[in-house]
Amino acid sequence: MNELLTIISFIKRDIEILSKSVAEMKKTHAQVLTEEWIEGKKVASILKIGTRKLQMHRDNGTLPYSQIDGKIYYKTSDVEALLNTHYNKR
């Protein structure tokens, strides 16, 4: 009976160690990829502005972006931050 309890104790400890390892992996790797990126056309549509106005926000640093092979992408959190900075609660 004592052997069985010892084995169960070891199994429980191993499961806790694995659980902690998985949690750490999620923090370090998955969070980098969880941010959603959207294309410029969609951002312009969301903000209800033209592509030239969107380019102005890129040029003056108001809206950060990433460009790959001529395609421009924006983080949804950056678009939301832009909206929040101009939020006018009356």
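Percent of Cα pairs in the stretch 37-85 per distance bin of 10 Å, from zero to the largest separation: 27, 67, 6, 0. Long hydrophobic helices in the chain: the complete DSSP H runs spanning 20 Å or more by Cα along their own axis with mean Kyte-Doolittle hydropathy of at least 0.0 are 2-25.
Legend: ranking of residues 72, 49, 11 from fewest to most surrounding C-beta atoms inside 10 Å; resulting order 11, 49, 72. Exposed loop sites here are GluC sites (Glu not before Pro) assigned a DSSP state other than H, G, I, E or B and surrounded by at most 15 other beta carbons within 10 Å; excluding them, the longest clear run of the chain is 37-90. Per-residue ellipticity at 222 nm computed for the chain from its helices equals -18500 deg cm²/dmol, with DSSP H segments shorter than 4 residues left out and the rest contributing -39,500 (n - 2.57). Could you name the lysines whose alpha carbon sits less than 28 Å from that of residue 26, not counting residues in the same chain fewer than 8 places away? Cα-Cα hits under 28 Å: 12, 75. Over all Cα atoms in the chain, the spread is summed up by Rg and Dmax: 23.4, 76 Å.
We did not get these values from a lab; they are worked out from the coordinates using the rules stated. Since the model is a prediction, treat every value here as computed from it, not as a measurement. Here the Cβ is made from the backbone with ideal geometry for all residues, glycine too, and neighbour counts use every protein chain on show.
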